[in-house]
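> Dropping the structure in here first, questions after.
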Amino acid sequence: MSVRRLSPEQPASFAFSKENLKKAEWWMSRFPAGRQQSAVIPLLWLVQKQEGWVCEPAIRAVAEMLGMAQIRVYEVATFYTMFMLAPVGTHALIQVCGTTPCALRGAGELMALCEKKIGPRDHRSKDGKFYWQEVECLGACSNAPMAAINDYYHEDLTVEALDKLIDAFGAGKGPAPGSAIGRQASAPEGGPTTLSDKALFDGSAAKPLKKLPNTPVKGAAKAPAA
């Protein structure tokens, strides 16, 4: 794992919004007294959803709320790669999977497009709208190549499809996630080849259960008369 450090670009302070403060307090209440430190990951995630990334003042704020040493919160934030440690794009955070299945099906071309349209990886674009990076397996191997954009997966990507997605996000639109070729879940291209009979799923093929006779179990005591 590469070394992960906080960005040299840091805000002067951090505070949870009223809504997120309530959520943070709710998470803390989910753990027994004296065990509130167990809420460190949910609280850091709330920070990221609010700010787009985890800044150093937020680490201090979370540590104070949970009664933890700041270094312990720092260790969590830098260990888990789901936490961004530098400012990301205001419109889209693009995480292109570069693991073997995606690499074999064109992830390199997707990354080349990102570098061309957005700039170097692990940096914000000049207009501040985008940030892209290569990540390890995101678990959608049958729909490779794919990328996570903000909170959702975009699968079966081509250079042309990703190009259109970047333009749409740049224009402030929210393209629908999922397969770029209309694949159903992880079914084969062109549609499912098995279990295609709708009667298997709508209940019409189900047979009514036969009512079994009340057969007493051998050796069982008889129920007392009413």
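> Test of understanding: ordering PHE130, PHE14 by Cβ neighbours within 10 Å, fewest first, what list do you get?
In increasing order of surrounding Cβ atoms, one gets PHE14, PHE130.
> So if we plug the beta-carbon distance of LYS126 and LYS49 into 1/(1 + (r/R0)^6) with R0 = 22 Å, what FRET efficiency do we get, rounded to 0.05?
0.30
> For the chain, which cysteines have no disulfide-compatible partner, meaning no other cysteine Cβ under 4.7 Å?
CYS55, CYS114, CYS137, CYS141
> Let me test this: with uniform point scatterers at the alpha carbons of the chain, what is the Debye-based log₁₀ I(q)/I(0) at q = 0.08, 0.09, 0.16 1/Å?
Here log10 of I(q) over I(0) equals -0.47, -0.55, -1.13.
> If all Cα-Cα distances of the stretch 92-179 are sorted into 5 Å bins from 0 onward, what percent lands in each bin, rounded to whole numbers?
Spelled out per bin, shortest first, that is 3, 17, 30, 27, 17, 5, 1.
> Distance in nm between label sites at LYS198 and LYS173, each 7 Å beyond Cα in the beta-carbon direction?
Distance between the two pseudo-spin positions: 3.1 nm.
> Highest mean first, what order results for 169-175, 43-49 on Cβ atoms within 10 Å?
43-49, 169-175
> Return the long-range amide H neighbours of TRP132 (sequence gap of 5 or more, or a different chain), with a cut-off of under 5 Å between placed amide H atoms.
Under 5 Å from the amide H of TRP132 lie the amide H atoms of ILE94, ASP122, HIS123, each far enough along the sequence or on another chain.
> So, one more: Which order do the peptides 96-104, 186-194 take when ranked by the mean count of other beta-carbon atoms within 10 Å per residue, highest first?
Values: 96-104: 18.6, 186-194: 10.3.
Descending mean neighbour count gives 96-104, 186-194.
> Beyond 18 Å, how much of the Cα-Cα pair distribution for the stretch 56-110 remains, as a whole percent? Walk me through the numbers on the way to the answer.
On the way: 807 of 1485 pairs.
Everything past 18 Å amounts to 54 percent.
> If you split all Cα-Cα distances of the stretch 12-110 into 5 Å bins from zero, what percentages do you get per bin, shortest first?
2, 12, 21, 19, 16, 9, 7, 6, 5, 1, 0
> Restricting the count to DSSP beta bridges whose residues both fall in the stretch 1-153, what percent are antiparallel, rounded to a multiple of 5?
That works out to approximately 50 percent antiparallel.
> A further question on this structure: For the chain, what relative contact order do you get, as a whole percent, if you take Cα pairs closer than 8 Å and at least 6 residues apart?
On the way: 278 pairs, mean separation 30.7, N = 226.
This gives 14 percent for the chain.
> Same structure, new question: Considering only C-alpha atoms, what is the centroid distance from the stretch 141-220 to the stretch 48-107, in Å?
29
> What does the helix-only formula give at 222 nm for the chain: each DSSP H stretch with n ≥ 4 adding -39500 (n - 2.57), the total divided by the residues, and the result rounded to the nearest 500 deg cm²/dmol?
Computed mean residue ellipticity for the chain: -10000 deg cm²/dmol.
Throughout, read-outs are computed from the coordinates displayed, never taken from laboratory work. Given the structure is predicted, the values throughout are model-derived calculations rather than measurements. Here Cβ is always computed from backbone atoms with ideal geometry, including for glycine, and neighbour counts include all displayed protein chains.
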